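**Q** The structure under discussion is supplied below as structure tokens; questions concerning it will follow.
Throughout, read-outs are computed from the coordinates displayed, never taken from laboratory work. What you see is a predicted model; the values in this text were computed from it and never measured. Here Cβ is always computed from backbone atoms with ideal geometry, including for glycine, and neighbour counts include all displayed protein chains.
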Amino acid sequence: MSNLNELDQIALDAAYEQACKSKSEGGIPIGSALIAPNGEIVARGHNERVQSGDPTAHAETVCIRHAGRRRDWHTLTLASTLSPCAMCTGTAVLHRIPRVVIGEHKTFVGREDWLHNEGVEVVLAHDVRCIELMEEFIAQRPDLWNEDIGVPPEE
């Protein structure tokens with residue numbers, strides 16, 4: 001049973017679709033979406049680090065880039081299939097996004113503490129789809145996962 005409201009679920013479903021898209025492209029299966037209070041998905045994004053070679057192309061930053069210039073950040077909810085890292089958390093904080101829906105934080109806990117400290121409402125979905133997607137990826141590609149989260153190679 002989900003603890004999400006209807007809009008949160010719509011946003012997380014859109015983020016999950018993006019994570020699957022990244023996986024199908026050979027990338028890291030993390031997705032994100034921004035939703036407005038009226039239920040409109042204003043932007044989507046997925047991790048494109050592998051596809052683009054850009055180390056900053058995490059799902060949340062790509063999603064926010066796709067949203068373009070706007071003045072309504074303070075009304076939006078950001079959904080991500082995985083707990084946001086420091087860079088993605090900083091981007092959400094910078095834009096004063098007031099709510100972040102996190103699909104899962106079993107495989108990785110990002111900077112949720114920072115979100116909380118900034119007064120951002122954090123909603124943890126504990127979404128089985130998101131957990132399974134990341135567990136499978138990490139088991140199959142631990143080298144790529146460690147590269148994504150900045151863990152140096154073993155010597």
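**Q** From the phi angles alone, apply the Karplus equation (6.51, -1.76, 1.60; θ = phi - 60°) to the stretch 26-36 and give each ³J(HN,Hα) in whole Hz, x where the residue is Gly or Pro.
**A** Karplus values, whole Hz, x for Gly and Pro: x, x, 7, x, 10, x, 8, 8, 10, 10, 8.
**Q** Same structure again: Please work out, to two decimal places, the log10 of the ratio I(q)/I(0) at q = 0.12, 0.20, 0.25 Å⁻¹ from a Debye calculation in which every Cα of the stretch 64-151 carries one identical scatterer.
**A** Log10 of I(q)/I(0), two decimals: -0.38, -0.95, -1.24.
**Q** Turning to a different aspect of this structure: Once Rh for the stretch 1-53 is found with the Kirkwood sum over Cα pairs, what is the Stokes-Einstein diffusion coefficient at 20 °C and 1.002 mPa s, in µm²/s? Walk me through the numbers before you get to the answer.
**A** Working: Rh = 11.4 Å.
Translational D for this selection: 188 µm²/s.
**Q** Sticking with this one: Go through SER52, HIS95, ILE149 and say which Cα lies farthest out towards the positive end of the charge dipole of the chain; charges sit on Cβ, +1 for Lys and Arg, -1 for Asp and Glu.
**A** Final value for the positive-end residue is HIS95.
**Q** Can you work out the FRET efficiency for the pair ASN3 and GLU154, with r the C-beta to C-beta distance and R0 = 41 Å, to the nearest 0.05?
**A** 0.60
**Q** Just order 139-146, 127-134 by mean Cβ neighbour count inside 10 Å, highest at the front, would you? Could you put the intermediate results ahead of the total?
**A** Numbers: 139-146: 12.9, 127-134: 19.1.
In decreasing order of mean packing, 139-146, 127-134 become 127-134, 139-146.
**Q** Under a point spin-label approximation (7 Å from Cα along Cα-to-Cβ), what is the THR75-LEU124 distance to one decimal in nm?
**A** Reported label-point gap for THR75 and LEU124 is 3.1 nm.
**Q** Here is a further query. What is the gain in length, in nm to one decimal, between ASN38 and CYS20 on full extension, counting 0.36 nm per residue of separation less the C-alpha to C-alpha distance? Write down the numbers at each step before the final one.
**A** Details: separation 18, 0.36 × 18 = 6.48 nm, distance 2.53 nm.
Stretched out fully, the ASN38 to CYS20 stretch lengthens by 3.9 nm.
**Q** Percentage of Cα-Cα pair distances in the stretch 1-136 greater than 19 Å, rounded to whole percent? Walk me through the numbers before you get to the answer.
**A** Working: 3762 of 9180 pairs.
Taking all Cα-Cα pairs of the stretch 1-136, the fraction more than 19 Å apart is 41 percent.
**Q** Still on this structure, please answer the following. For the stretch 11-82, what is the Kirkwood hydrodynamic radius in Å, using each pair of distinct C-alpha atoms? Display every interim value, and only then the final one.
**A** Working: mean 1/r = 0.0850 Å⁻¹.
Every distinct Cα pair counted, the radius reaches 11.8 Å.
**Q** Starting from the Kirkwood Rh over alpha-carbon pairs, what translational D in µm² s⁻¹ does the stretch 100-155 have by Stokes-Einstein at 10 °C and 1.306 mPa s? Before the final figure, lay out the partial values.
**A** Details: Rh = 12.7 Å.
In µm²/s, the coefficient is 125.
**Q** Of all DSSP beta bridges located in the chain, what percent are antiparallel, nearest 5? Please report the intermediate quantities before stating the final value.
**A** Working: 9 of 17 bridges.
Antiparallel bridges make up about 55 percent of those DSSP assigns within the chain.
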